[in-house]
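The structure appears right after this line, and notes come after that.
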Amino acid sequence: MKAVNTLKTVILLVLLSGLFLAIGYLIGGQNGMYFAFMMSLLMNFGAYWFSDKIVLAMHKAKPIKPQDSSGVYEIVEELCKLAKLPTPKVYLIPERTPNAFATGRNPSHAAVAVTDGILRILNKRELRGVLAHEISHIQNRDILVSTIVAAFASAIMYLAHMLQWAGMMGHGRSREGGRGINPIVMLVTIVLAPLVATLIQAAVSRTREYMADESGAHVSEDPEALASALEKISNPALIKGFQKDEMLPDMQPAFAHLYIVNHFSGESVMSWFSTHPPVKERVKRLLSMGKK
């Protein structure tokens, strides 16, 4: 299953890259394609080096030190020893929505963050399952993959906007020295490119979530714990009853792909754009692992 998910990720990344370069070519032919390529390098460079600092700052994350009463640091340390990874920095986010995420550019420069809400609603065993999932994101290099995908998707939307202006001004070329862009091709690209980029980004994220569930369950040797945690985190009624007030997501929708559960995902058609697989399917897979 892990090999299949890895192959899916590679294919989706190739499609995303191809779409990005194709839009660049439509805007300015070969020179436009070179511009798109250089643009992608700059965006990925910035995202690779600074995305973790930006994410943690936007969430007002505070460091969790060893011997903290929450016990989060000790759990992360124990799981990292099992996964043979260096212990990442650990942070607490002062938000009531139960969630967690991992960020950073590689295992040596990584961070795991949990919200105050998740510490309130999960027991130690369930919290350990969640942290194993996040550490698996670090182990699987999902941080880098999600950063690249997010940068490409953002750049595609920007290029589609540029294509719109190029078409309006009559500067777009389908080939060097050739005719202007076919209006139908231009319109289809402007409308569909951002949509396709979003769908690919969501598909990559969902694939990586399945991988992190699987490898996290192997690290913790307790797939049922993560399954139980996912059910609690995604249950609005349970959260509402625990908090004694109305449950409203207070996390950042722009970073939904990082979280262990996406509270912003919709139902039916809107679920196609969700960055996470259905919780019921994730729980089903985890429980089946526990029976083997």
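What the table shows:
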quantity	calculated
Matching residues in segment 70-85 - criterion: being out of contact with any helix residue (DSSP H, G or I) (no Cβ under 7 Å at 6 or more places or on another chain) and either in a loop (DSSP other than H, G, I, E, B) or at pLDDT below 95 (or both)	LYS84
Selection within segment 274-283 - farther than 19 Å from GLU221 by Cβ and either modelled with pLDDT under 85 or not aliphatic (A, V, I, L, M) (or both)	SER274, THR275, HIS276, PRO277, PRO278, LYS280, GLU281
THR97 being touching a residue at least 40 places away in the same chain (Cβ under 8 Å), surrounded by 24 or more Cβ atoms within 10 Å (Cβ to Cβ) and polar (S, T, N, Q)	no
Residue within segment 56-70 that is within 17 Å of ARG128 (Cβ to Cβ) and of a type in the set (Gly, Ala, Ser) present	yes
Test: SER228 is buried (at least 21 other Cβ atoms within 10 Å of the Cβ) and either at negative phi or at pLDDT 85 or above (or both)	no
Of all residues in segment 81-94 being of a type outside the set (Val, Ile, Thr) and either farther than 13 Å from THR115 by Cβ or touching a residue at least 40 places away in the same chain (Cβ under 8 Å) (or both), the one that is surrounded by the most Cβ atoms within 10 Å (Cβ to Cβ)	PRO88
LEU258, sole failed condition from (1) of a type outside the set (Gly, Ala, Ser); (2) buried (at least 19 other Cβ atoms within 10 Å of the Cβ); (3) modelled with pLDDT under 60	(3)
Some residue of segment 145-166 being at pLDDT 75 or above, in a helix (DSSP H, G or I) and not basic (Lys, Arg)	no
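Here is a yes/no grid of residues against (1) assigned to a helix (DSSP H, G or I); (2) at pLDDT 75 or above; (3) more than 17 Å from ALA22 (Cα to Cα); (4) not small (Gly, Ala, Ser):
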{"residue": "LEU192", "(1), (2), (3), (4)": "yes, no, no, yes"}
{"residue": "VAL196", "(1), (2), (3), (4)": "yes, no, no, yes"}
{"residue": "SER205", "(1), (2), (3), (4)": "yes, yes, yes, no"}
{"residue": "GLU214", "(1), (2), (3), (4)": "yes, yes, yes, yes"}
{"residue": "HIS218", "(1), (2), (3), (4)": "yes, yes, yes, yes"}
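The values are calculated or read from the model by the stated rules, or taken from the named source; none is laboratory data. Nothing here was measured: the structure is a model prediction, and the numbers come from that model. Note that each Cβ is placed from the backbone with ideal geometry, even for glycine, and that neighbours are counted across all protein chains shown.
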